[in-house]
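Undergrad: Got a structure for you, written out below as structure tokens; questions coming shortly.
The values are calculated or read from the model by the stated rules, or taken from the named source; none is laboratory data. A quick note: this is a predicted structure, and the numbers were derived from the prediction, not measured. Every residue, glycine among them, receives a Cβ derived from its backbone with ideal geometry; neighbour counts consider all protein chains shown.
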Amino acid sequence: MSETKVRRKTKKNDFDEAAELLSALNDLCKEKNINPDFLLDALEVALVTAYKKNFASAQNVKVNIDKTTGQFKVYAEKEIVETVEPGTEQLYISVKDAKKLTGKYELGDIVDIEVTPRNFGRVAAMNAKQVITQKIREAEREQVYSSSTKILNDIIPGRIRRIDEENRVFVEVEIEKEEGLETVEALLPLNEIPKSEQPPKQHYAPNMRIMVYVSEVRGGNKGTQVVVSRTHPNLVKKLFIREVPEIADGLVEIKNIAREAGSRTKIAVWSQDPDVDPQGSCIGRNGIRVNQISDELRGEKIDIVKWSEDPVELVTASLSPSSVLSVEINEEEKMAIVTVPENQQSLAIGSKGQNVRLAAKLTGWKIDIKKPSGAEDTAEE
């Protein structure tokens, strides 16, 4: 009769479990680009709570994790006193007993006494999964928030992902992290959609690609919320910086922008180099540069005017495309009284007063449009 050998399955000891846990933790940290010390510190804190809940044979305790072996050890922290009063043994140790441990302790010192329970590694392993999962989520949220703040006040391309029942538009954008690009869903609130593009004339649709301005980055327990805008004047500014090398290189400066999103923008530009035409640089050959920006803004009209320190010149330019006969400046009231040809009045004022309103915002001057005779006011902003 043949002999039958029985192989008994042996249980993993604390050392094996600790080593496996440490190895898995390190692999996970490499994958997620997280510092292992961050997780180990959090795990030590969690294991103190687990110890007190399951054992509680000491009151002031700390847990140390060996970063080489993954072994967990629990230490009771006790203050050295002359005599330990009954009932305070968990907090204090007598100087006589302390000297039995090392002989170097004095009154008032804190001594660490190992009190690691048997099979504490199994308790540690049970708590580790929950703690590590939670801390990795926190670290990932922090990484996304940190990366998102780098694109704050900048423009980025995006793809419309969805539009909810409140007509809020959610835009898929990519942010750059150390390990590569990560896709984040950004919010384009309804009040950031130009009125001409709001329902019922909604022009946004899923999968449409648009440029957006990152106006806000919100952090929180639910994750990072990136808020983007299509109405912010800086969207126009950043588009000009992208399209006009002279602006990007500092040869041309954008002095001010006045915008009514979805309809019209006025932008004042200037160059200290007399050989550089700031308006021509922004317009481009055959209008290619400004047309690119206008197309991105869904046909929004853009007036490019030359900035001047002279308020007469500035106000005159700001009322483009209308002609101006004269400008009278009232410094005290910061008022500009402008006379335009009779056939140019409607052009100077603009539809519903838009042209003169934007000119006033651009220059910082109140503008009063007069008939050539000066008999009566035509418009005032």
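Undergrad: Output the residue which, of all residues in the stretch 150-172 that are in contact (Cβ under 8 Å) with a residue 40 or more places away in the chain and touching a helix residue (DSSP H, G or I) at 6+ places or on another chain (Cβ under 9 Å), is surrounded by the most Cβ atoms within 10 Å (Cβ to Cβ).
TA: Start the filter on the stretch 150-172 by keeping residues that are in contact (Cβ under 8 Å) with a residue 40 or more places away in the chain, which leaves 151-163, 171.
With touching a helix residue (DSSP H, G or I) at 6+ places or on another chain (Cβ under 9 Å) added as a condition, the list becomes 153-155.
Numbers: Asn153: 13, Asp154: 12, Ile155: 22.
Filtering the stretch 150-172 for residues that are in contact (Cβ under 8 Å) with a residue 40 or more places away in the chain and touching a helix residue (DSSP H, G or I) at 6+ places or on another chain (Cβ under 9 Å), the one surrounded by the most Cβ atoms within 10 Å (Cβ to Cβ) comes out as Ile155.
Undergrad: Select, from Ser326, Ser346, Ser351, Ser318, the only residue that is of a type in the set (Ser, Thr, Tyr) and touching a helix residue (DSSP H, G or I) at 6+ places or on another chain (Cβ under 7 Å).
TA: Ser318
Undergrad: Among residues belonging to the stretch 188-237 that are modelled with pLDDT of 90 or more and small (Gly, Ala, Ser), point out the one that is nearest to Glu300 (Cα to Cα).
TA: This residue is Ser229.
Undergrad: May I ask you to verify whether Lys237 is out of contact with any helix residue (DSSP H, G or I) (no Cβ under 8 Å at 6 or more places or on another chain), within 28 Å of Ala360 (Cβ to Cβ), outside the structural domain of Leu358 (by TED's automatic domain parsing) and buried (at least 17 other Cβ atoms within 10 Å of the Cβ)?
TA: So Lys237 passes the test.
Undergrad: Right, something else. For the stretch 40-81, how many residues meet the condition of being closer than 15 Å to Val111 by Cα and buried (at least 18 other Cβ atoms within 10 Å of the Cβ)?
TA: 7
Undergrad: Look at Val84 and say whether it is buried (at least 18 other Cβ atoms within 10 Å of the Cβ), touching a residue at least 40 places away in the same chain (Cβ under 8 Å), not in a helix (DSSP H, G or I) and not assigned by TED's automatic domain parsing to the domain that holds Lys177. First the steps, then the outcome.
TA: Values: buried (at least 18 other Cβ atoms within 10 Å of the Cβ): yes; touching a residue at least 40 places away in the same chain (Cβ under 8 Å): no; not in a helix (DSSP H, G or I): yes; not assigned by TED's automatic domain parsing to the domain that holds Lys177: yes.
Here the answer is no, as Val84 does not meet what is asked.
Here is a yes/no grid of residues against (1) in a helix (DSSP H, G or I); (2) in contact with a Leu (Cβ under 7 Å, 6 or more places away or on another chain); (3) buried (at least 22 other Cβ atoms within 10 Å of the Cβ); (4) not assigned by TED's automatic domain parsing to the domain that holds Lys361:
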{"position": "Leu314", "(1), (2), (3), (4)": "yes, no, yes, no"}
{"position": "Val327", "(1), (2), (3), (4)": "no, no, no, no"}
{"position": "Glu333", "(1), (2), (3), (4)": "no, no, no, no"}
{"position": "Val338", "(1), (2), (3), (4)": "no, yes, yes, no"}
{"position": "Gln345", "(1), (2), (3), (4)": "yes, no, no, no"}
